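What follows is a short report on a single structure.
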Amino acid sequence: MKLSHAALALALSSSLVLSACTDSDDTESTDSVSSTTAADGADDSTSTTGGTGDNATSTGDAAPTTGDASTATGDAATSTDDGKITAPAAGAGVISVEEAESVAAQLMRTAADSQVVDVDEAAELNEQAFVGSELLAATAATTLRDAGLTPVIDYAPSGANVLAISRDDGESPAFMVVQSVPESGLPELHLMVSQDGGENWKIGWSAPMLAGTKVGTFDPRSEGSTILRDTRGELSNYPSGVVDKLFEILDYPFAEDRPDFRTNDYGPQVRKATEAQAASVSEQATMTSTHALRADTLRTIELEDGSAIMFPVLERTSAFDVKSGMILKPPTAFTHLTGDDTITDSAKMKTLVFLAVHIRTDGGAPEIIAAREQVVSASGS
C-alpha cells in the first residue's frame, strides 16, 4: 500500500538530512493494514478513517467512536418500569462534553492561525496553542517557513471532533483526543493536554492518520476514558515495551530481525529512505540514526474494549561522521537552522516523531495508526 502524499512526506522529508529519495512500494510482512474495529453504539460525535487524501468519509450513522448517547442514570443504579436495572455511570470526564468541544474548537482555530500569520505573530500564537513536544515542533516549523518548507500538519480551523475525554481520576495531566479533517489531506488526530485538572488546555501532540486506519471506540465522553498511568490494564504489551520495539524498527543500522509490528507502510518507507540516504553519503560520511522517548510522552488512553491508543513522541538523532578530506553539502533545512552550507567534520539533525499506536489485548501486534515527523534542530561543522 502506498502512503498518501501527505503521509509519505512526513515519513521521508525529515528523515532525510543530506540527500533526497524517491518513495517506495516496498512493504514488510508485518505491515499489512489492520485497523481497530469500531464497536456498535451511538453518539453525537463520529470518527473518520484515514482515507486516501480526499475528504475522509464518516464511519457511518451509528457513530463508532466515543459513545455519548449516555445511558447513565445517576450516582446509583435505578430500577426501570420493566424491572431492568440500569447501571450507574463508570465515572465522569474531567470536563463536560460541551466544555471540551468549546476548548477544542478554540485551540484548533488558534493553531490554524499560527500557520498563516507572520513569523512574529506566529510565535505568540504558538505559545497560546501548543505545549511540550508540539510547541517545539511548531516553533521549528515556523522558523523553516522562511526557507519555504511547509509543515506536514494542517490544523483544521473548524469541525474539531472530540473523540475522548479522560476520566477524572484526581491525577494530572488530563487529556482529550480530538480529530480534525483538513481539506488538504488525511484526517488528523490531536492530543490536548491539561496540567491543572481540566482548567487550561493546549495541544501536546498531532499527527495525520495513515491511510486505511481508524480509531476504535472510547468510553462515553461524559463518563471519561481511563488513562493507563502506571499499569498496562488488559493490554498484551506494556507501553514501554512497545516503544522499545519501535526503536528496533527505526534505529539505523537496522537489525536483521524486527519485532512483530504493523506500521501501515510507515516503517518500510522510513527504512527505505534511511538506507538510500546512508548509501548516498557513504563515500563522504558514516551515518547512524538513533531514537529515544521524549520525557512525559508515554501517554496511553484505554478504549472501550480494553485495548488502548498510545501517543508517544520519539526524538530521532541522525548523525554523520564526515571522513577525512571530505565535504558534505547539507539540505535547505540544515542550512537554515545552522547557517552552515558545508559540513567537513560532523553533523547532527534532530527530528521529532509523533506516533499513535494501537495496543491490543489479544496478543496481536501493535499497530501505528498515525505518524508525523518534524525536524527541530541541527548542528555541525
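What follows draws every value from the coordinates through simple rules; no lab data is involved. Just so we're clear, the structure is a prediction, and the values are computed from it rather than from any experiment. Please note: Cβ atoms are built from the backbone with ideal geometry, for glycine as well, and neighbour counts cover all protein chains shown.
Loop only by DSSP, 16 or fewer other Cβ within 10 Å of the Cβ. Give me the GluC sites (Glu not before Pro) in region 171-238 that pass, ordered by residue number.
Here the sparse-neighbourhood loop sites are Glu171, Glu183, Glu199, Glu234.
Set the Förster radius R0 to 56 Å, insert the Cβ-Cβ distance between Thr150 and Ser324 as r into 1/(1 + (r/R0)^6), and round the FRET efficiency to 0.05.
Here the calculated transfer efficiency is 0.90.
Relative contact order, percent, of region 200-309 when contacts are C-alpha pairs under 8 Å separated by at least 6 residues?
Reported relative contact order: 41 percent.
Quick one: Karplus J couplings for region 365-381, per residue in order, coefficients 6.51, -1.76, 1.60, θ = phi - 60°, nearest Hz, x for Gly and Pro?
5, x, 9, 7, 10, 8, 7, 7, 10, 8, 4, 10, 7, 8, 8, x, 8
Want the number for Asp296 to Asp244: 0.36 nm per residue separation, take away the alpha-carbon distance, what's left?
17.2 nm
Compute, for region 274-381, the length of the dipole vector about the Cα centre, with Cβ point charges of +1 (Lys, Arg) and -1 (Asp, Glu) only. Units Debye, rounded to 20.
That gives a dipole near 300 debye.
Which whole-Hz couplings ³J(HN,Hα) result when phi for each residue of region 128-138 is put into the Karplus expression 6.51 cos²θ - 1.76 cosθ + 1.60, θ = phi - 60°, listed in order with x for Gly and Pro?
Calculated HN-Hα couplings, in order: 6, 9, 10, 8, x, 4, 5, 5, 4, 5, 5 Hz.
Find out how many positive minus negative residues lie around Gly306, taking Lys and Arg as positive, Asp and Glu as negative, among other residues whose Cβ is under 13 Å from that of Gly306.
Charge balance near Gly306 sits at -4.
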